[in-house]
Amino acid sequence: MAFQKEWVQQLDLFFIDLIRNPAPIQKSAWLSFVFFSTWFAQSKLTTPIALLIGLWFGFQKRIALGVWFFFSILLGEFTLKSLKLLVARPRPVTNGELVFAHGFSFPSGHALASALFYGSLALLLCYSNANNRTKTIGAVILLFWIVLMSYDRVYLGVHYPSDVLGGFCLGVAWSCCSLALYLGFLKRPYKNA
């Protein structure tokens, strides 16, 4: 498996040391914020919100867009669960994980979910009728949130950096490919969907 390659392990250790050194301080404001932020990339939040967004598009008579958004997130979650079982990479033993995490490590579910969910929102925003300033500010905020979700998994000691990178790349790829399929399938611009 690629994770057993020495260079991957060395990169993982380098970035773990970079992110977690000095060690996270218990009961700090930053740690509290990181704990809080991780909740926003859990499937028990992103999937119901994706359903609500899909229904909202449906009520606006943009049914195809609503179906695309919801099923893109749902199928991404299914793919995540399947890959975790297929790869079966154990979680890191850091002697300092700050939260309990269960299941396998690769790919990072939080990194994949945040890249997919918030990345899809950013794509929707970029293709919307909003003014350029709103698009730019919204995209920057969503990108920051994706990076934070990815960073916090290593900071909390529950993922290797390669898990996070893999989850992030899969989430971005899934989001972009599903949008390309949506746009190609309908053969019309997003604004008229």
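Out of curiosity, is Thr38 modelled with pLDDT of 85 or more and either within 22 Å of the chain's Cα centre (by Cα) or acidic (Asp, Glu) (or both)? It is false that Thr38 is modelled with pLDDT of 85 or more and either within 22 Å of the chain's Cα centre (by Cα) or acidic (Asp, Glu) (or both). In the range 120-140 there is at least one residue matching the filter, namely being aliphatic (A, V, I, L, M), within 17 Å of the chain's Cα centre (by Cα), surrounded by fewer than 13 Cβ atoms within 10 Å (Cβ to Cβ) and more than 17 Å from Asp152 (Cα to Cα). Here Arg91 fulfils each of the conditions (1) assigned to a loop (DSSP other than H, G, I, E, B); (2) without any contact (Cβ under 8 Å) to a residue 12 or more places away in the chain; (3) closer than 22 Å to Lys44 by Cβ apart from (2).
Going by the conditions given, is Ile73 more than 30 Å from Asp17 (Cβ to Cβ) and in a helix (DSSP H, G or I)? When the stated conditions are applied, Ile73 passes them. Among the residues making up the range 77-91, those that are surrounded by fewer than 16 Cβ atoms within 10 Å (Cβ to Cβ), closer than 21 Å to Phe117 by Cβ and either touching a Cys at 6+ places or on another chain (Cβ under 7 Å) or not aromatic (Phe, Trp, Tyr) (or both) are Lys81, Ser82. Only one entry in Leu85, Leu51 is at pLDDT 80 or above, assigned to a helix (DSSP H, G or I) and out of contact with any Phe, Trp or Tyr (no Cβ under 6 Å at 6 or more places or on another chain), namely Leu85.
For every residue, the table says whether it meets (1) touching a Pro at 6+ places or on another chain (Cβ under 7 Å); (2) assigned to a helix (DSSP H, G or I); (3) over 20 Å from Ala50 (Cβ atoms).
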{"residue": "Thr79", "(1), (2), (3)": "no, yes, no"}
{"residue": "Ser114", "(1), (2), (3)": "no, yes, no"}
{"residue": "Asn129", "(1), (2), (3)": "no, no, yes"}
{"residue": "Thr136", "(1), (2), (3)": "no, yes, yes"}
{"residue": "Trp145", "(1), (2), (3)": "no, yes, no"}
{"residue": "Val158", "(1), (2), (3)": "no, no, yes"}
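The values are calculated or read from the model by the stated rules, or taken from the named source; none is laboratory data. None of the values given here were measured: they were computed from a predicted structure. Cβ: placed from backbone, ideal geometry, glycine included. Neighbour counts: every protein chain shown.
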